[in-house]
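Taken together, the values in this text are just the output of simple stated rules run on the coordinates, not laboratory data. This is a predicted model, so every value here is computed, not measured. Cβ placement follows ideal geometry from the backbone for every residue including glycine, while neighbour counts extend to all protein chains displayed.
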Amino acid sequence: MKKVLTIAAITIAAFSAKAQTSSTATQTVNLNLSNAIELTFTGSGTATGAAVNLAFNTVNDYANGVTSANQELRVRSNRRFGVTVRTNNANFTYTGAVTPAPVMPVSGVLGLKIGANSTGGAIASPFSTSAYAGLTSTAQNLITNAANGGNQLFSVSYEAQPGFTYPAGTYTVDVVYTATQL
């Protein structure tokens, strides 16, 4: 009789227990973000822009200077940032037939103007959207306190006014832009 009662008790317990319908598991996901910034030319998609050729073909070009088309740059940064500009040398490098090579200083010859600025930052003096400001081999603030984001754009154009002092040839200098997180 005890066996019958024990089997009955087990059978009742089995039927009275509810089946489990859910279970929970938890896992922590950590995003380990680093500071990241990138400056590229939109035309090339790289940090090296296409060469800007300013051709002086007429007397009026020498008298009035020559300007370039806008050159657009993009900054992608997860923090606010600033942009500086400088040339890689105080003087242009000369390629031509004159010996000794003439020395043309960047300062007083090559200027830069902001064409557009959608970075959320301020254009730093002496640069502006209305007038060309001279470039030098010393880094100058171009844009300050720009907003973080994945498509912060600005464009620049160049103006060269070498006057009538220098002989024919190609005069070259690199313009270097640096974006730095704040």
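Brief remarks follow.
- For the range 58-177, a crude dipole built from +1 on the beta carbon of Lys and Arg and -1 on the beta carbon of Asp and Glu, taken about the Cα centre, is about 500 debye to the nearest 20.
- Separation of the range 104-153 from the range 21-41 is 36 Å, based on Cα centroids.
- For the pair ALA47 and THR67, label points projected 7 Å from Cα toward Cβ lie 3.1 nm apart.
- Charge dipole of the range 35-181 about the Cα centre (unit charges at C-beta), most positive-ward option of PHE56, GLY169, SER44: SER44
- Normalised contact order of the chain, rounded percent, pairs of Cα under 8 Å and 6 or more residues apart: 29
- Dipole of the chain, positive end: most advanced residue of ILE143, PHE127, SER107 [Cβ charges, Cα centre]: ILE143
- With Cα atoms, 0 to 90° folded angle of helix 2-16 axis to the chain main axis: 30
- Within the chain, longest stretch free of exposed trypsin sites (Lys or Arg not before Pro) [DSSP loop, at most 14 other beta carbons within 10 Å]: 80-182
- Two-decimal log10 I(q)/I(0) for the range 54-177, as the Debye equation yields it once each C-alpha is a single scatterer, q = 0.11, 0.17, 0.19 Å⁻¹: -0.42, -0.86, -1.01
- Net charge contributed by nearby residues that have their C-beta within less than 11 Å of SER155 (K/R +1, D/E -1): +1
- Other residues within the sphere of radius under 9 Å centred on the Cβ of GLU38, judged by their own Cβ, net out at +2 (K and R +1, D and E -1).
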